[in-house]
Amino acid sequence: MPETFDQKIATTLADSRLQTAIYTATNRLISHRKAVVSADALPDYQELRTQANAVKAHTIENLDWYLEEFERNVLDHGGHVHWCRSAADVADVVLETAKRRGARMIVKSKSMTTEEVDLNERLEHHGLQSVESDFGEYIIQLMHTRPYHIVAPALHLTRYDVADLFERALGVPNDPVIENQCRTARGVLREKFLEADIGISGANFLIADSGAVTIVENEGNARLSTSAPKVHIAVAGIEKLIPRAQDLGTFLKLLGRSATGQPLTVYTSFLAGPKRSGEVDGPEEFHVVLLDGGRTKLLADPEKRESLYCIRCGACLNHCPVYRKIGGHSFPWVYSGPIGAILTPQFVGVENAPQLPFASSLCGACAEVCPVKIDIPKILLELRAEVKTAEKQNGENQLERAAFSAFAYMAVRPKLWARALGFGRKLPIPPVGPVAAWLSEREMPKLPAKSFRELWKQRKSA
Ligand code: SF4
């Protein structure tokens, strides 16, 4: 039986090696980001965030318009656009293309949207080989697991873990030197790029006024995946649109800095259509697959639709005290951390992930670092209210509701409240149920000799 959310958390907390790996990696990302968004390094950082938020808000509110403009421009450049409602629709587009081209081998560059639709598994089920070409994703694929973090998929692994994995999976000598591990992966992947019939990528941005797909990366594998094979298929959620190429300046300044602390990623690719006549490089076919996957439902919600502004930088994960303790695999779906806690319940239904809106201390660090200013704590509270309303309708958690009703009753009756507090101070707290769980990690502070009210009364009468 698969582990529950609580069991996965307990396993992660008990693993000191894993705790160190998560803490070290997120710490590094935090300090790299801090150095490049400081007032000295980027004086207009806050203005850029405000601008990015405004562009996203405008785009999401006019998404139908910009999607159609984007489609027209892709078609004008000789590309194809596929509108997909579900994961199965995305797989169908790739499978039909593979069948028509007689393709067997696919190389993929990193894409959370394809993780979202389990694309590799679906393609492999139909006899296609789909190989991840990003170093972290390649490691994760060899482990038959899913990314631990939206930017750093293998964040939880040490170089010794990777050495063991490569020895087991690739039959190479156990070598913990990272450069040698990269060389090994590069050797395997180079062959795959040459062999591949189709390259699949994600998209960081879709630009409406030019019909271009923008991809940022550090390894150059996305460039190879999108230009070496004869067919390129870019898979993207419909929210990845931005109106104009000139808006990119704002987002590119924020994305690399927020994700890895780089002023700009090593490669930024603009892909618009198949190769033109006379060009040497580029695919013969260019497809853009636009995925709904629950996004239009979110669009209809004026309170929470800002969740769609996310540019998947991962900064909220790195700064979240909860993610840094419970890690990425405790979360039930591909998106983890604060953004996972708001996206997953909205994409798969709150009834299927009711614990996620509560996986937060509401400290606000996520909102403070988010480059597009998504108010994650506000959305978490709204989702919590939805979970509690559903529990009420289903008659669940009656004890908790009774306790809060009693609290609410007393909290608006000062005299009753004062008497209850005075009485409560004398009662021993039984270490059972939730109290025992709370005390298992903490010490109960000693009550002062006099309560605040008693001290206040004393002071006023003095
Ligand atoms: S919610 Fe904001 S901080 Fe978190 S991944 Fe998305 S853009 Fe980055």
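Worth a mention:
- The requirement of being farther than 26 Å from Val369 by Cα and of a type in the set (Ser, Thr, Tyr) is fulfilled somewhere in region 272-280, by at least one residue.
- Among (1) basic (Lys, Arg); (2) under 23 Å from Pro302 (Cβ atoms); (3) without any contact (Cβ under 8 Å) to a residue 40 or more places away in the chain, the one test that Lys450 misses: (2)
- Close pairs from region 237-253: first over 18 Å from Asn62 (Cα atoms), partner assigned to a helix (DSSP H, G or I), Cβ under 8 Å, at least 6 apart: Thr250/Leu48; Thr250/Gln51; Thr250/Ala52; Thr250/Val55; Phe251/Ala52; Phe251/Val55; Lys253/Leu48
- Members of region 60-114 found to be farther than 19 Å from Leu291 by Cβ, part of a loop (DSSP other than H, G, I, E, B) and touching a strand residue (DSSP E or B) at 6+ places or on another chain (Cβ under 8 Å), listed by number: His77, Gly78, Ala103, Arg104
- In region 216-233, the residues that are within 19 Å of the chain's Cα centre (by Cα) and more than 16 Å from the ligand (Cβ to nearest atom): Glu217, Asn218
- In this entry, Tyr148 is excluded by the filter for residues that are of a type in the set (Phe, Trp, Tyr), in a helix (DSSP H, G or I) and surrounded by 13 or more Cβ atoms within 10 Å (Cβ to Cβ).
- For region 237-270, residues that are more than 24 Å from Gln46 (Cα to Cα) and within 15 Å of the ligand (Cβ to nearest atom) total 1.
- Identity of the residue in region 304-333, more than 18 Å from Cys366 (Cα to Cα) and touching a helix residue (DSSP H, G or I) at 6+ places or on another chain (Cβ under 6 Å), that ends up farthest from the ligand (Cβ to nearest atom): Ser330
- Hits in region 20-47 (condition: more than 15 Å from Ala315 (Cβ to Cβ) and not hydrophobic (A, V, I, L, M, F, W, C)): Thr20, Tyr23, Thr24, Asp40, Pro43, Asp44, Glu47
- Some residue of region 285-303 being at positive phi, more than 16 Å from the ligand (Cβ to nearest atom) and touching a Pro at 6+ places or on another chain (Cβ under 9 Å): no
- Screening the candidates Val369, Val348 for the property of being under 15 Å from the mean Cα position of the chain (by Cα) and in contact (Cβ under 8 Å) with a residue 60 or more places away in the chain yields one hit, Val369.
- Output for region 249-265, where each listed residue is more than 27 Å from Phe347 (Cα to Cα) and of a type outside the set (S, T, N, Q): Gly249, Lys253, Arg257, Gly261, Pro263, Leu264
- Of the criteria (1) within 25 Å of the chain's Cα centre (by Cα); (2) closer than 30 Å to Asn120 by Cα; (3) of a type in the set (A, V, I, L, M, F, W, C), which one Ala52 fails: (2)
No lab work stands behind these numbers, since they all come straight from the coordinates. Since the structure is predicted, the reported quantities are computational estimates derived from the model, not experimental observations. Positions of Cβ are backbone-derived with ideal geometry, glycine not excepted, and every protein chain shown enters the neighbour counts.
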